[in-house]
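Engineer: The following block contains the structure, expressed as structure tokens.
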């Protein structure tokens, strides 16, 4: 095999490894959410949220000792920006946790796929980014997919869909605020602060909703949730080292198959026809937005190359 052919073969293998890691990471998140949903059948949303945040906080806090120590990591130049982002994150997390409590994973994830629409809207309003007409049309079509998926005329209209929609909007806003913080703040502080605030803000709830004693196996299940999300985060981060983000982006929607399977085999719930149709419209719109973004990147690269030449 020639040197050029060997290099091409190696790049293909790296890309396949990246795709495999992304699929693994995206499969672990719904599984972790399924465990959380299962536990919320026994414990309150507040207790589940508290333990979920605690499970994430411990490894993150330990990681600070390898990055300069907690004092250095948690110091900030923009406490006001952190405060706004943390309030948004708190509301977004609880919206999704209540959605998991009262709805199926399929409905919550389907509505969650609308995040790119809100990202486009917020980028135009807050970051003053220029959005082409084709992407605005895709957003409008995607929004009709939301209405189809939520099926407001149905007798089984789910409050979970409304909560997930609110959570998705706040999640998109959270990403915009995180993007601003990432320019000056340590990535560990951006990850740590939400879990600290979540724990502190949830503690007063136990005065009104008493803490429920947990058997050892349930502590183990919450620990599993922490391990699954940690491995999922690592697998997704590593996938971006081996394959281009543009190649991996469409794989995000593989989670739909996992949540449909989990709902069916764990809770014996099949997705409604309206949910499936809505998911098809939403995912198709997102893929078209991705296509538009790639086309704009190619045009910009070609223009820059022309200027250089």
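What follows is calculated from the coordinates using simple rules that are stated; it is not laboratory data. Not measured: the values here are computed from a predicted model. Glycine gets a Cβ as well: all are built from the backbone with ideal geometry, and neighbour counts include every protein chain shown.
Engineer: What is the chain's relative contact order, in percent, from Cα pairs under 8 angstrom and six or more apart in sequence? Show your work: numbers first, answer last.
Structural biologist: Working: 328 pairs, mean separation 123.0, N = 309.
Over the chain, the number comes to 40 percent.
Engineer: Determine the distance separating the Cα centre of the range 18-35 from the Cα centre of the range 59-87; give it in Å without decimals.
Structural biologist: That distance is 27 Å.
Engineer: Can you order the peptides 110-122, 186-198 by their average number of other Cβ atoms within 10 Å per residue, highest first? Mind showing how you got there, number by number?
Structural biologist: On the way: 110-122: 22.2, 186-198: 18.5.
Final packing ranking: 110-122, 186-198.
Engineer: Rg and Dmax of the chain over Cα atoms: what are they, in angstrom?
Structural biologist: Just the Cα atoms of the chain yield Rg and Dmax of 21.0, 71 Å.
Engineer: Using Cα pairs closer than 8 Å and at least 6 residues apart in sequence, work out the relative contact order for the range 12-149, in percent. Don't jump to the answer; show the numbers that get you there.
Structural biologist: Numbers: 35 pairs, mean separation 32.2, N = 138.
Relative contact order, the range 12-149: 23 percent.
Engineer: If I stretch the segment between residue 277 and residue 84 completely, what's the gain in nm (0.36 nm per residue apart, minus their alpha carbon distance), one decimal? Provide the component values of the computation, followed by the final result.
Structural biologist: On the way: separation 193, 0.36 × 193 = 69.48 nm, distance 3.61 nm.
Answer, rounded to one decimal: 65.9 nm.
Engineer: Using Stokes-Einstein with the Kirkwood hydrodynamic radius over Cα pairs, what translational diffusion coefficient do you get for the range 59-166 at 25 °C and a viscosity of 0.890 mPa s, in µm²/s rounded to a whole number?
Structural biologist: Values: Rh = 16.8 Å.
Estimated diffusion coefficient is 146 µm²/s.
Engineer: Right, next: Using a simple spin-label model with points 7 Å from Cα along the Cα→Cβ vector, what separation in nm is obtained for residue 182 and residue 230?
Structural biologist: Modelled inter-label distance: 2.4 nm.
Engineer: Moving to a separate point now. With a 10 Å Cβ neighbour count serving as the proxy for reagent exposure, in which order, fewest first, do 128, 37 appear?
Structural biologist: Numbers: 128 7, 37 23.
In order of increasing Cβ crowding within 10 Å: 128, 37.
Engineer: Given R₀ = 35 Å, what would the calculated FRET efficiency be for residue 76 paired with residue 296, taking r from the Cβ atoms and rounding to 0.05? Please report the intermediate quantities before stating the final value.
Structural biologist: Details: r = 34 Å, r/R0 = 0.98.
So, using R0 = 35 Å, E works out to roughly 0.55.
Engineer: Could you check the spin-label model distance between residue 264 and residue 207? Points 7 Å from the Cα along Cα→Cβ, value in nm.
Structural biologist: 4.8 nm
Engineer: At residue 257 and residue 126, where each label point lies 7 Å from the Cα along Cα→Cβ, what is the point-to-point distance in nanometres?
Structural biologist: Output for this residue pair reads 3.4 nm.
Engineer: When a footprinting reagent is the concern and you count Cβ atoms within 10 Å, what order do 52, 130, 135 take, fewest first?
Structural biologist: On the way: 52 25, 130 7, 135 21.
With the fewest neighbours first, 52, 130, 135 line up as 130, 135, 52.
Engineer: Sort 211-221, 257-267, 89-99 by the packing proxy (mean of other Cβ within 10 Å over each peptide's residues), most packed first.
Structural biologist: Working: 211-221: 11.2, 257-267: 17.2, 89-99: 21.2.
The densest-packed peptide leads the list: 89-99, 257-267, 211-221.
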